[in-house]
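Q: Got a structure here, written out as structure tokens. Questions coming.
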Amino acid sequence: MQFKDQFRKKLSSAKKLVFFTGAGISAESGIATFRGADGIWNKMRPEELASFSAFMKNPNLIWEWYQHRREIIHKVEPNAGHKAIAELEKYYDVIVVTQNVDNLHKRAGSTKIFELHGNIERNFCIACHTFVSEKQFEGNEVPQCEKCGGMIRPDVVWFGENLPQDQFSGGETAAEWSDICFVVGTSAVVYPAAYIPQSAKRAGSYLVEINIEPTELSRFVDYSIIGKAGDVLPKILKLISQK
Ligand code: OAD
Ligand code: ZN
């Protein structure tokens, strides 16, 4: 793969990188994406599984679905794409701004991560808001809060809910701070998350998209690289580490 000269020059002068990531970066780990041919939202309606009213209507069903997704996530490993991003911390200031809830960036070793849509490993009580961290629950029934008996839900952003304000503003500030903002494996159609690359560009960051196909954002970026995240990112790392 031959990267264009302008991009290679940017890489040699850049100090601060942001990776804005979506489900596509975890696809090669074996986690299904939301949209596209095999996408989760082709088979199930998001508002029936990923909304607070769905949870209140049928808490055990929703809990079971998240337990199932957790099981999948625990079985898989971060892939070459996640690992390359973590490895780039040796050469740059790197901040990851992810829409994913799968925790794979952290497991790959990235140290600065903003999580726009929460993290499936965390849970909290809907009544008293006590966090129940990284706790493994057995079975498929909604657990009860040890403090108040309220229902425990996963700490993920559901349809109709606000993004965690500190994570979004942290992510946006990082995007504006970056010299290069990589947009990896996202269809970039879900707002407000999709404002992040736009803010980066407006602030003068060089926008690079890595995706297996063109997206809504492709016309807007400085450089669109068509390829798998797990192929392209290690090649970028190689370019830098061999200098
Ligand atoms: P999508 O499923 O919408 O998009 C995944 C993108 O990854 C698509 O553009 C694919 O072309 C691309 N892709 C697939 N495999 C790839 C690979 N190996 N390398 C590079 N790119 C690849 O997922 P998101 O954009 O993350 O929201 O979706 C955004 C949000 O919508 C999610 O965070 C979730 C969902 O509803 C919440 O849970 C709140
Ligand atoms: Zn409680």
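Q: In nm, to one decimal, how far is the modelled label at residue 166 from the one at residue 144, with both set 7 Å along Cα→Cβ?
A: For residue 166 paired with residue 144, the spin-label model returns 3.1 nm.
Q: Provide the net charge surrounding residue 37, with neighbours chosen by a C-beta distance below 14 Å and charges set as Lys +1, Arg +1, Asp -1, Glu -1.
A: Here the count lands on 0.
Q: Sticking with this one: Just to be sure I understand the rule: take each whole DSSP H helix in the chain, project its Cα atoms onto its long axis, keep it if the span is 30 Å or more and its mean Kyte-Doolittle hydropathy is at least 1.0. Which ones pass?
A: The answer is none, since no helix passes both cut-offs.
Q: Still on this structure, I have one more. Only four residue types carry charge here, +1 at the Cβ of Lys and Arg and -1 at the Cβ of Asp and Glu. Report the dipole size of the chain about the Cα centre in Debye, rounded to the nearest 20.
A: With only Lys, Arg, Asp and Glu charged at Cβ, the dipole is about 780 debye.
Q: Check the straight Cα-Cα distances from residue 9 and name the lysines below 22 Å, setting aside those fewer than 8 residues away within the same chain.
A: 90, 201, 235, 238, 243
Q: Under the definition of Cα pairs under 8 Å and six or more residues apart, what whole-number percent is the relative contact order of the stretch 123-243?
A: 16 percent
Q: Sticking with this structure for a sec: Rounded to the nearest 500, what is the 222 nm mean residue ellipticity of the chain from helices alone, with -39500 (n - 2.57) per DSSP H run of 4+ residues and division by all residues?
A: -10000 deg cm²/dmol
Q: Right, something else. Sum up the charges of everything whose Cβ sits under 15 Å from the Cβ of residue 50, counting Lys and Arg as +1 and Asp and Glu as -1, but leave residue 50 out.
A: Neighbourhood net charge equals +1.
Q: Another question, then. Give me the percent of accessible area attributable to carbon and sulfur for the chain, probe 1.4 angstrom.
A: 49 percent
Q: With just the Cα atoms of the stretch 99-162, tell me how far they stretch along each of the three principal axes, in Å, largest first.
A: The principal-axis extents, from largest down, are 35, 27, 19 Å.
Q: Continuing with the same structure: Tell me which of 44, 113, 81 sits at the most positive position along the dipole axis of the chain, charges placed on C-beta atoms (Lys, Arg +1; Asp, Glu -1).
A: 81
Q: A further question on this structure: What relative contact order, as a whole-number percentage, does the chain give when Cα pairs under 8 Å and 6 or more residues apart are counted?
A: 23 percent
Q: Leaving ligands, DNA and RNA out of it, work out the accessible area of residue 44 with a 1.4 Å probe and give it in Å² to the nearest 10.
A: For residue 44, the solvent-accessible surface is approximately 70 Å².
Q: Could you identify which residue out of 216, 89, 176 has the top mean-square fluctuation in a GNM of the chain using Cα springs shorter than 10 Å?
A: The residue with the greatest mean-square fluctuation here is 216.
Q: May I ask you to give the solvent-accessible area per residue for the chain, in square angstrom, as obtained with a 1.4 angstrom probe?
A: Ligands and nucleic acids excluded, the result is 49 Å² per residue.
Q: In whole Å, how far is the Cα centre of the stretch 1-60 from that of the stretch 136-154?
A: Spelled out, the Cα-based centre of one part sits 28 Å from the other.
The values are calculated or read from the model by the stated rules, or taken from the named source; none is laboratory data. All values reported here derive from a predicted model rather than from experimental measurement. Virtual Cβ from ideal backbone geometry, glycine too; neighbours counted across all protein chains shown. Side chains are part of the model used for accessible areas, which takes the heavy atoms of the whole protein and leaves out ligands, DNA and RNA. Shrake-Rupley method; radii C 1.70, N 1.55, O 1.52, S 1.80 Å.
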